[in-house]
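Encoded as structure tokens, the structure appears first; notes follow it.
The values are calculated or read from the model by the stated rules, or taken from the named source; none is laboratory data. All of these numbers come straight from a predicted model, not from anything done at the bench. All Cβ positions, glycine included, derive from the backbone under ideal geometry; neighbour counts span all protein chains shown.
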Amino acid sequence: SLNDFNAKFAERLGVPSVNWQEYYLGTIEPIIPMQELLEWTIQHYKAGLMTNTMPGFVSQMRRNKHLPDVQFDAIIDSSAVGAIKPEPEVYKIAQEHAGCQPEEILLIDDSRANLMAAERAGWKVLWFDDSRPEESAKRAREVLEPADGPEVMSEAQPAAEVVQNPSQAPSAQAQPVSPAPLPPAA
């Protein structure tokens, strides 16, 4: 639980207490170019969120506007599904609930390990360099936007970005996109 984590973390730091959720949510900042990309993407594709977080973080991040105010088709929250990126199980859960083939899913992520695991699962991947968010968002949009301009897809023609939630979202078929190179190894 989060309380157990806080207690162990405080003990390890040698301090009386730690409130990781308060600290984390108080220090993160939204990545505006990614939010704008997501707002555009959601108009043309089905899109989801797959995140490694602790219980309650996603809902709090939505309330605090750390996540864009969009209707995700699904959310895969590691604390809810019991698997985290880059564990193969979380990609299986997401793909199963997306209802599409692995090559029809695009994962945009800032972690090489997460991207490599998705690629091993057969997914398309795109590295988001959060130190260059404008450039990364532009590259992602170029991958997602057809040369002749985007077409808004109907509910019957869903497309793609990250995942589907095991408990709620309908299945989606994604349009394949060209994969982008992984970030350089550290």
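Scan the helices (runs of 4 or more DSSP H) fully inside segment 1-44 and keep the ones with 1 or more residues being within 21 Å of Phe128 (Cβ to Cβ) and out of contact with any Lys or Arg (no Cβ under 8 Å at 6 or more places or on another chain).
20-27, 32-44
Which of the following residues is at pLDDT below 95, out of contact with any Pro (no Cβ under 6 Å at 6 or more places or on another chain), within 24 Å of Leu2 (Cα to Cα) and surrounded by 21 or more Cβ atoms within 10 Å (Cβ to Cβ): Ile105, Ile75? Spell out how you get there, then give the answer.
On the way: Ile105 fails: within 24 Å of Leu2 (Cα to Cα).
After applying the criteria, what remains is Ile75.
Out of Lys8, Lys85, report the one residue that is of a type in the set (Lys, Arg) and surrounded by fewer than 17 Cβ atoms within 10 Å (Cβ to Cβ). Write out each step before concluding.
Working: Lys85 fails: surrounded by fewer than 17 Cβ atoms within 10 Å (Cβ to Cβ).
Unique residue meeting the criteria: Lys8.
Out of (1) modelled with pLDDT of 90 or more; (2) in contact with a Pro (Cβ under 6 Å, 6 or more places away or on another chain); (3) assigned to a loop (DSSP other than H, G, I, E, B); (4) closer than 25 Å to Asp4 by Cβ, the odd one out for His66 is which?
Unmet condition: (1).
Filter segment 19-39 down to the residues that are touching a residue at least 40 places away in the same chain (Cβ under 8 Å) and surrounded by fewer than 18 Cβ atoms within 10 Å (Cβ to Cβ) and list them by number.
Scanning segment 19-39 gives Leu25, Ile32, Glu36.
Condition first: closer than 26 Å to Gln21 by Cα and either modelled with pLDDT under 90 or surrounded by fewer than 20 Cβ atoms within 10 Å (Cβ to Cβ) (or both). Can you find one or more residues in segment 88-95 that meet it?
yes
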